[in-house]
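The values are calculated or read from the model by the stated rules, or taken from the named source; none is laboratory data. None of these values were measured; they are calculated from a predicted model. All Cβ positions, glycine included, derive from the backbone under ideal geometry; neighbour counts span all protein chains shown. Please note that ligands, DNA and RNA were not included when accessible areas were found on the heavy atoms of the full protein model with its side chains. Shrake-Rupley method; radii C 1.70, N 1.55, O 1.52, S 1.80 Å.
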Amino acid sequence: MLDDILLNIQKPARYIGQEWNTPKKDFISSPIKFALCFPDLYEVGMSNLGLRILYGLVNSMPEVSCERFFSPASDLEQALLARGQEISSLETGRPLKEFDLVGFSLGYELNFTNVLGILKLAGLPLLSSLRDHRHPLIIAGGPCVLNPEPMHEFFDLFVIGESEEVICEIIDLYSRSKDGFRSNKISKEELLLGLSGIEGVYVPSLYEVIYDDRGLIKEFRPRLKGVAQRVKKRFVRELDNSYFPQEWLLPYIQVIHDRITLEIMRGCPNSCRFCQARLQYFPYRLRSRDKILELAGNTYKNSGYEELALGGLSVSDYPGIEGLLSSLIGSFRDKGVAISLPSIKPKIIVGSLSSMIATIKKTGLTFAPEAATERLRKILNKRFDMQEFMGTLEQAYSAGYQRVKLYFMIGLPFEEDADLGAIVDFAKQVSELRRKSKHGPAQVNISINTLIPKPHTPFQWLKMQDLESIKRKHSYIKGQIKSARLELNLHNPQMSILEGLLCRGDRRLSKVILAAFLKGARFDAWVDHFNFQSWMDAFSECGIDPQRYLRERQKEEILPWDFLDIGITKDNLLSDSQ
């Protein structure tokens, strides 16, 4: 048990479980044991809505007991290794190897080595090829599996798209095959072959990749008859009928998003050329207003949270958002519950909505122009009306807002230094506009990320900016900022490069990920843990040039992720890239 270890580590409440609203399931008597793993710290994982949905959904199945695992911080990891103890579940303290199915949520490429960390602490072979009927099946889902190939050696199967329906079908098929598989009467390949017949399931071991003499993909093909040439993404057709966790778990410590997050839509009606999330959650679907109000009321009643955030890729575009906000604010005003919004479009707070928004928690307003010049916004296909935006800000400042956060990207096609300087000029204008409301200038946070040409976007063929160019542009922007009212937040350029490498990679990157892990790579998404040189050494050790994955791709080239059918054709993406 962990009890004695927890006395000597930071934040032991990360590991004790038993939160309010935790389902009570009997692990021993449950025919199927399902482990849900998140490869980051507890406070990050418990802020993930997808994990909460799957946890509640799987536990709602009478025959299944679902328990959680998170990446332990380095102090607990070292203590477990020193004592020869395995990682255990939050609910009942069971080791991972006692479970039948282990599902990982892959939301960020820089968490890949944490997957291997969990498997190692569980005493499980890291490679799928070394696991057999004595081991659980290891599954991955989430946004990163829009290109599963870099992690193909570690997982038995991937869920492509949304998991709610697929995971139930996987559990059902496994349940019918469990006795035969565990007794070795059914081989692992036979079981995986059966699972590959479920729409949305990709089994990498059932496919092979042929490369030409230039190292480019010549052919991607099934190894066995009956295996589909392409894997079709799954999605939930009706949000109103989909599961939502109304019994909201209440952590004992503050998590990153310590509130109720209520998903009101999936997909996006916009077509920004850089955005992979739109393709991940395509097509565009809405949860009805009545259902949202019902879920909001029930989830609040079961949790008592004082903040409710509306979730979605572009909540401003929800039809009737004004009426929905009015109803939510009216329902929760007397309860002291704040309604919060993610990044919004200016149109949401013009006109009569300005006074309504004034009642919403004033933590600041967030907007995502993405580029500071109209020329670049047209290249991105980002609709952003400057006149509307400035009118909106005036009303927001009059309503009491003092802080604004702006999201921009650099490394865009046809970008010039003048476009970089325009970012600072844009932020200055936003700050100074507050003087019109007879106040001092606003505090403006400028958040800048580097464009990563992601798979399945119209930009997927583009070359990614190299490290030195990113650093030069960062320095240029820094040199333009003179006002203390402007706060600059630059995403680590080496992290951006690594994210680009991992998301644009092919099967050959599995050995690089393993090499980096063996060199100590953990928590690469955390600046205080990130070691870029370890990754570069891993590439060198494996004889792989990282620039291969950042280069421009030819239009006729077979891309590592082309075998996935996401609902939008490659021809359509190519047409949109022109």
task = Can you work out which of the residues in the stretch 380-397 that are surrounded by fewer than 19 Cβ atoms within 10 Å (Cβ to Cβ) and polar (S, T, N, Q) is nearest to Leu462 (Cα to Cα)?
result = Asn381
query = Are any residues in the stretch 135-176 closer than 12 Å to Leu195 by Cα and without any contact (Cβ under 8 Å) to a residue 40 or more places away in the chain, and if so, which ones?
reply = Ile139, Glu169, Asp172, Leu173, Arg176
Considering residues of the stretch 335-357 that are over 16 Å from Leu308 (Cα atoms) and open to solvent by less than 40 Å² (accessible area, probe 1.4 Å) only, the residue modelled with the highest pLDDT = Pro346
message = Tell me whether the stretch 524-531 contains one or more residues that are open to solvent by 80 Å² or more (accessible area, probe 1.4 Å), in a helix (DSSP H, G or I), farther than 28 Å from Val203 by Cβ and free of Cβ contacts under 8 Å to residues at least 24 places away in the same chain.
response = no
note = Checking Val231, Val209 in turn, the sole residue that is touching a residue at least 40 places away in the same chain (Cβ under 8 Å) and buried (at least 20 other Cβ atoms within 10 Å of the Cβ) turns out to be Val231
query = Taking the condition open to solvent by 10 Å² or more (accessible area, probe 1.4 Å), over 30 Å from Met265 (Cα atoms), among the small types (Gly, Ala, Ser) and outside any helix (DSSP H, G or I), does Ser29 pass?
reply = yes
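Yes/no per residue for (1) touching a helix residue (DSSP H, G or I) at 6+ places or on another chain (Cβ under 8 Å); (2) without any contact (Cβ under 8 Å) to a residue 60 or more places away in the chain; (3) assigned to a loop (DSSP other than H, G, I, E, B):
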position: Ser540; (1), (2), (3): no, yes, no
position: Ile544; (1), (2), (3): yes, yes, yes
position: Arg548; (1), (2), (3): no, no, no
position: Arg553; (1), (2), (3): no, no, yes
position: Ile568; (1), (2), (3): yes, no, yes
position: Asp571; (1), (2), (3): no, yes, no
position: Leu574; (1), (2), (3): no, no, no
position: Gln578; (1), (2), (3): no, yes, yes
ask   = Of all the residues that make up the stretch 36-90, how many are of a type outside the set (A, V, I, L, M, F, W, C), open to solvent by 30 Å² or more (accessible area, probe 1.4 Å) and in contact (Cβ under 8 Å) with a residue 24 or more places away in the chain?
value = 9
task = Keeping to the stretch 469-498, report how many residues are more than 19 Å from Phe414 (Cβ to Cβ) and more than 27 Å from the chain's Cα centre (by Cα).
result = 10
key: Out of His491, His456, His474, sole residue that is in contact with a Ser or Thr (Cβ under 8 Å, 6 or more places away or on another chain) and either farther than 30 Å from Ala399 by Cα or surrounded by 15 or more Cβ atoms within 10 Å (Cβ to Cβ) (or both)   = His491
remark   = Restricting attention to the stretch 473-490, the residues that are without any contact (Cβ under 8 Å) to a residue 24 or more places away in the chain and assigned to a helix (DSSP H, G or I) number exactly 3
query = Out of all the residues in the stretch 160-206, which are within 27 Å of the chain's Cα centre (by Cα), open to solvent by less than 30 Å² (accessible area, probe 1.4 Å) and more than 18 Å from Gly103 (Cβ to Cβ)?
reply = Leu206
request  = Could you pull out the residue among Arg94, Arg131 that is among the basic types (Lys, Arg) and open to solvent by 40 Å² or more (accessible area, probe 1.4 Å)?
outcome  = Arg94
request  = Only residues in the stretch 421-440 that are within 13 Å of Ser483 (Cβ to Cβ) and among the hydrophobic types (A, V, I, L, M, F, W, C) count as the first member; pair them with residues that are part of a helix (DSSP H, G or I) and open to solvent by less than 90 Å² (accessible area, probe 1.4 Å), Cβ under 8 angstrom, at least 6 apart or cross-chain, and list the lot.
outcome  = Val424/Ile477; Val424/Gln480; Val430/Leu393
